[in-house]
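Down below is the structure, laid out as structure tokens.
We did not get these values from a lab; they are worked out from the coordinates using the rules stated. Note that the structure is predicted; figures quoted are calculated from it, not measured. Positions of Cβ are backbone-derived with ideal geometry, glycine not excepted, and every protein chain shown enters the neighbour counts.
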């Protein structure tokens, strides 16, 4: 495979979402909660080139806000719970959803960068 060959974006995004190596799909991409490994332990694809930076956090905030805001409106107009109950419930929901989405979105962004040969991924096979 030359550096100009196309890499499939959808499989790379799905592998990244599963927090697996975008190249082989077998090796774990993350060594901790959000720490990307320098290379895949299975296929030895270098992953240290990624530049996810704040992208996963912005996407997480965007998704959590768009999912929880309608729920807030619906639950307040339908049931009219006490403010403390509503705030507690939505806080737990927002934190849980954010903790679930953050590593998956980071993996998807690294997979996208790998598929599009962004940054240092362009020299890889």
For this session: For residues that are farther than 18 Å from residue 97 by Cβ and either in contact with a strand residue (DSSP E or B) (Cβ under 6 Å, 6 or more places away or on another chain) or free of Cβ contacts under 8 Å to residues at least 40 places away in the same chain (or both), scanning just region 49-63, find the one that is surrounded by the most Cβ atoms within 10 Å (Cβ to Cβ).
Result: 50
For this session: Report whether or not residue 64 is out of contact with any helix residue (DSSP H, G or I) (no Cβ under 9 Å at 6 or more places or on another chain), over 30 Å from residue 5 (Cβ atoms) and not in a strand (DSSP E or B).
Result: no
For this session: Select from region 1-41 the residues that are in contact with a helix residue (DSSP H, G or I) (Cβ under 7 Å, 6 or more places away or on another chain) and in a strand (DSSP E or B) and write down the one among them that is farthest from residue 118 (Cα to Cα).
Result: 30
Seminar exercise, completed: The number of residues in region 72-102 that are part of a helix (DSSP H, G or I) and either in contact with a helix residue (DSSP H, G or I) (Cβ under 6 Å, 6 or more places away or on another chain) or surrounded by 13 or more Cβ atoms within 10 Å (Cβ to Cβ) (or both) is 12
